[in-house]
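Enquirer: Following this message is one structure expressed as structure tokens.
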Amino acid sequence: MALDPACVWPAEVGVLLCDPQPGFAEALGREFRQNAIVGAVLGAPPELRWLR
């Protein structure tokens, strides 16, 4: 469970997807009304991917 220490945002469940099909993580994020997701490729820094 992800919690905002300032209590501005509601708590939410986090999910880790390993090697999803192209576009699947973005589609899942949109389905659950996420503003963004974080993606990463081995050996590269994580990337914030805006969905809205």
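The values are calculated or read from the model by the stated rules, or taken from the named source; none is laboratory data. Since the structure is predicted, the reported quantities are computational estimates derived from the model, not experimental observations. Cβ placement follows ideal geometry from the backbone for every residue including glycine, while neighbour counts extend to all protein chains displayed. In case anyone asks, the SASA skips ligands and DNA or RNA and just uses the protein heavy atoms, side chains included. Shrake-Rupley method; radii C 1.70, N 1.55, O 1.52, S 1.80 Å.
Enquirer: Out of Ala6, Ala27, Ala36, Ala44, which single residue is of a type in the set (A, V, I, L, M) and in contact (Cβ under 8 Å) with a residue 12 or more places away in the chain? Show your work before the answer.
Expert: On the way: Ala6 fails: in contact (Cβ under 8 Å) with a residue 12 or more places away in the chain; Ala27 fails: in contact (Cβ under 8 Å) with a residue 12 or more places away in the chain; Ala44 fails: in contact (Cβ under 8 Å) with a residue 12 or more places away in the chain.
Exactly one residue qualifies, and that residue is Ala36.
Enquirer: Now a separate question. Which residue, of Glu12, Glu31, Glu26, is among the acidic types (Asp, Glu) and open to solvent by 100 Å² or more (accessible area, probe 1.4 Å)?
Expert: Numbers: Glu12 fails: open to solvent by 100 Å² or more (accessible area, probe 1.4 Å); Glu26 fails: open to solvent by 100 Å² or more (accessible area, probe 1.4 Å).
Exactly one of Glu12, Glu31, Glu26 is among the acidic types (Asp, Glu) and open to solvent by 100 Å² or more (accessible area, probe 1.4 Å), namely Glu31.
Enquirer: Taking the chain on its own, how many of its residues are outside any loop (DSSP other than H, G, I, E, B) and among the β-branched types (Val, Ile, Thr)? Outline the logic, then answer.
Expert: From the chain, those outside any loop (DSSP other than H, G, I, E, B) are 2, 12, 24-31, 36-39, 47-50; that's our starting set.
With among the β-branched types (Val, Ile, Thr) added as a condition, the list becomes 37-38.
Residues meeting the conditions: 2.
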